[in-house]
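Inspection log for the structure reproduced underneath, given as structure tokens.
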Amino acid sequence: MNSVDTTPTFGRWRFPMTPVRIVLIAISLITVGLILFRLVTGLGLVTNLNDSWPWGLWISFDVMCGVALAGGGYGTALIVYVFKQEQFSSIARSAALTSLIGYLLVMVGLFLDIGQWWNFWRPLVSQGHSSVLFEVFICVSLYTSIQLLEFGEVATERVGRKYHRFFRKILPVLLVIGIAIPSMHQSSLGALYLLMVDKLHPLWWSPIIFFQFLISSFFVGPAMIAVETALAGRAFNHKVSMSVLTGLIRIGSYAMILYLVLKFGDIILSGKTHYLFEPTFETLFFWIEVGLGVIVPLFISFSSLIQQRRWVVTFGGLVASGVILNRYNVVVTGMVTSTGVSYWPSLPELTITLGLVSMGVLAYLFICENFRIMSHEEPESH
């Protein structure tokens with residue numbers, strides 16, 4: 001007996017309404033209202049930011065974490081197209097989609113954190129060549145534009161098909177540029193803190209913090225992709241073999257080992273070992289970050305546990321949480337002692353961040369249901 005597809009459609013587009021999606025839409029609508037309120041009234045009534053604490057949740061999570069967690073796009077492209085590991089090509093499109101949505105949300109986060117937001121265009125015409133943050137802005141903007149063009153190859157399989165051949169021709173060039181640019185701003189986000197040698201806690205400040213940011217953005221990519229593929233595969237009936245998932249995780253694990261060596265090597269060589277054992281909240285947060293976010297996942301990845309999908313999801317969740325905590329520790333935790341003030345995001349700040357994530361999830365679901373993301377064989381010509 002053939003089953004009947006009862007999925008609601010809107011014209012040619014599919015988007016089944018479920019209780020979870022209704023909740024996500026409601027959160028997104030509330031977020032839109034809060035964003036408009038913030039743009040009209042400024043930062044003071046919406047956030048807990050002040051002159052002593054100018055960077056908060058939107059920078060630490062929406063931007064710092066968003067850029068890192070979206071690193072799966074360039075990481076997968078590097079593995080598939082440069083290192084010629086074709087066995088991972090089945091997840092390339094889903095990784096690129098996650099990266100695109102992530103960077104679009106990063107751009108929104110950057111925009112919201114600008115005090116005089118109507119001047120957002122000024123860096124485009126008034127270059128601050130000596131500013132690391134200017135380089136971050138330009139690279140993130142350029143990379144987001146490149147990703148939108150890359151998505152054109154996917155989009156034109158369904159709409160604007162006459163342009164599909166054009167996007168396929170320029171795709172190799174876009175991929176090369178799209179691999180080079182992220183390595184610049186991923187490291188530059190860490191380089192922002194090189195000047196804060198007297199402000200950032202020694203457990204996080206390092207002369208190679210920019211390289212630590214770059215490596216962590218690389219290994220969190222495979223972790224995010226593994227989780228996304230495992231969960232989305234169940235939702236969209238797209239099964240990726242365990243050999244692909246475990247192979248991707250193993251590549252990320254080697255980068256995690258390098259990260260640990262550099263991190264603890266710097267602490268030891270710089271004579272900062274005593275900070276590892278001080279009874280302070282910074283030490284506690286550091287060990288939670290490194291222990292649960294790096295050491296435990298490494299144990300999982302090199303054990304037989306990783307052959308089970310639930311442990312793949314556990315691995316990815318721990319690694320992603322570790323990188324999120326690392327960025328929060330750099331922006332917030334590691335600054336508390338030196339600034340002498342504390343910071344906790346306001347309810348509107350938290351709601352807007354949750355709303356941006358909700359929008360990203362809804363966008364991902366809609367695109368996966370209407371374009372060839374999970375299966376990307378060439379469409380038949382008509």
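Any read-out appearing in this document is the output of simple, stated calculations on the displayed coordinates, not a laboratory observation. Bear in mind the structure is a predicted one, so any value in this text is a computation, not a measurement. Cβ: placed from backbone, ideal geometry, glycine included. Neighbour counts: every protein chain shown.
Could you work out how much longer the chain between Phe120 and Leu29 gets when fully extended? Use 0.36 nm per residue separation minus the Cα distance between them, nm to one decimal. Please list the in-between numbers first.
Values: separation 91, 0.36 × 91 = 32.76 nm, distance 2.38 nm.
Working it through step by step, the gained length comes to 30.4 nm.
For the residues Arg327, Arg21, Arg310, what sequence is obtained by ranking on other C-beta atoms within 10 Å, fewest first? Working shown, then result.
Numbers: Arg327 24, Arg21 16, Arg310 9.
With the sparsest Cβ surroundings first, the list reads Arg310, Arg21, Arg327.
Find which of Leu292, Leu133, Val173 sits farthest along the positive direction of the dipole of the stretch 49-343, computed with +1 on the beta-carbon of Lys and Arg, -1 on that of Asp and Glu, about the Cα centre.
Going by the charge dipole, the pick is Val173.
Which one, Ile27, Val261, Ser342, is farthest towards the positive end of the dipole of the chain when Lys and Arg carry +1 and Asp and Glu -1 on their Cβ?
Going by the charge dipole, the pick is Ile27.
5 Å is the cut-off here: which amide hydrogens, built 1.01 Å from N in the peptide plane, fall below it relative to Arg14, excluding neighbours closer than 5 in sequence?
So Arg14 has HN proximity to no qualifying residue.
Would you check the chain for Lys pairs whose C-alpha atoms are within less than 30 Å, ignoring same-chain pairs closer than 8 in sequence, and give me the count? Intermediate values should be presented prior to the final figure.
Details: Lys84/Lys162; Lys84/Lys169; Lys84/Lys239; Lys84/Lys263; Lys169/Lys239; Lys199/Lys263; Lys199/Lys272; Lys263/Lys272.
So the count of such lysine pairs works out to 8.
May I ask you to list the residues of the stretch 176-216 whose amide nitrogen lies under 20 Å from a point 7 Å from Cα along the Cα→beta-carbon direction of Glu278?
What the label zone holds, given the 20 Å backbone N cut-off, is 193-209.
For Arg21 and Val361, calculate 0.36 nm times their separation in residues minus their Cα-Cα distance, and state this gained length in nm to one decimal.
Details: separation 340, 0.36 × 340 = 122.40 nm, distance 0.91 nm.
Answer, rounded to one decimal: 121.5 nm.
Just to be sure I understand: if I project the alpha-carbon convex hull of the stretch 162-255 onto a plane and average over all orientations, what area do I get in nm²?
With the hull built on Cα positions only, its mean projection is 9.3 nm².
Give the angle, between 0 and 90 degrees and rounded to the nearest 10, that separates the Cα long axis of helix 209-236 from the longest principal axis of the Cα atoms of the chain.
Once rounded, the angle reads 30 degrees.
Viscosity 0.890 mPa s, temperature 25 °C: what is the translational diffusion coefficient of the stretch 49-343 from Stokes-Einstein with a Kirkwood Rh over Cα pairs, rounded to a whole number of µm²/s?
On the way: Rh = 20.0 Å.
So the translational diffusion coefficient is about 123 µm²/s.
In degrees, nearest 10, range 0 to 90: what is the angle between the Cα axis of helix 19-41 and the longest Cα principal axis of the chain?
Taking the Cα atoms of the chain, the angle to 19-41 is about 50 degrees.
Take peptides 27-33, 296-302 and line them up by average Cβ neighbours within 10 Å, highest first, as a rough protection proxy. Please report the intermediate quantities before stating the final value.
Values: 27-33: 16.0, 296-302: 18.6.
The most tightly packed comes first, giving 296-302, 27-33.
Please work out, to two decimal places, the log10 of the ratio I(q)/I(0) at q = 0.11 Å⁻¹ from a Debye calculation in which every Cα of the stretch 178-337 carries one identical scatterer.
Evaluating at q = 0.11 Å⁻¹ gives log10 I(q)/I(0) of -0.46.
Order these by the 10 Å Cβ neighbour count, fewest first: Tyr143, Tyr81.
Numbers: Tyr143 26, Tyr81 18.
Sorted ascending by nearby Cβ count, the order is Tyr81, Tyr143.
Using 5 Å bins from zero, what percent of all Cα-Cα pairs in the stretch 268-363 falls into each bin?
For the stretch 268-363, the pair-distance distribution reads 2, 11, 14, 17, 18, 15, 12, 7, 3, 0.
Given points 7 Å out from each Cα along the Cα-Cβ axis, report the Ile295 to Ile268 separation in nanometres with one decimal.
Using points 7 Å along Cα→Cβ, the separation is 1.4 nm.
From Cα pairs below 8 angstrom and at least 6 apart in sequence, can you work out the relative contact order of the chain, rounded to a whole percent? Working shown, then result.
Values: 459 pairs, mean separation 106.6, N = 382.
RCO, the chain: 28 percent.
Given points 7 Å out from each Cα along the Cα-Cβ axis, report the Asp51 to Ile208 separation in nanometres with one decimal.
3.9 nm
Within the P(r) computed for the stretch 2-105, what percentage of the Cα pairs occupies the region above 19 Å?
Across the stretch 2-105, Cα pairs with separations above 19 Å total 68 percent.
Separation of the stretch 186-205 and the stretch 14-28 by C-alpha centroid, Å?
40 Å
If I take the Cα coordinates of the stretch 67-128 and project them onto the principal axes, what are the three extents in Å, biggest first?
Computed over the stretch 67-128, the largest-to-smallest principal extents equal 47, 21, 14 Å.
How big is the charge dipole of the chain about its Cα centre, in debye rounded to the nearest 20, if each Lys and Arg gets +1 on its Cβ and each Asp and Glu gets -1 on its Cβ?
880 debye
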